[in-house]
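The values are calculated or read from the model by the stated rules, or taken from the named source; none is laboratory data. The model shown is predicted, which means the values in this text are computed figures rather than measured ones. Cβ atoms come from the backbone with ideal geometry, glycine included; neighbour counts cover every protein chain shown.
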Amino acid sequence: MTLWIDSACSFCSRLGCWLRRRAQRRGLSLQIRSLPVGSQALVFEGGGHRAEAAEALVLLLYCLGGLMRCLASVLRLLPAGFRQRCYSWVARHRYRLFGRSQCANSPQP
């Protein structure tokens with residue numbers, strides 16, 4: 001599984017590290033990669049699927065299994081348009097809300 005994140009975003013970097021630890025606990029391999037500068041959409045590839053933005057987060061949580069799969073199922077109950085609007089709002093305001101990462105070149109281990 002591979003997850004592309006905005007490594008300049010403090011929240012995105014921390015979320016990527018947290019998700020990688022969750023994957024490792026389940027015996028899964030999750031590679032974290034940096035998106036090109038200016039990209040706003042999280043990208044996930046895994047389980048033969050590729051998704052971006054809100055759907056990427058839902059798919060990743062589903063692939064992690066356990067309680068994360070339950071959370072993904074709850075998120076899927078929300079209309080896709082609503083999930084995407086919420087994701088887009090956070091993506092547009094991520095630096096203002098969470099700040100910039102100290103290490104903008106690559107995700108922190």
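What the table shows:
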{"quantity": "Single unsatisfied condition, Ala53 versus (1) among the small types (Gly, Ala, Ser); (2) under 11 Å from the mean Cα position of the chain (by Cα); (3) buried (at least 20 other Cβ atoms within 10 Å of the Cβ)", "calculated": "(3)"}
{"quantity": "Residues within segment 31-50 that are modelled with pLDDT of 90 or more and buried (at least 20 other Cβ atoms within 10 Å of the Cβ), tallied", "calculated": "2"}
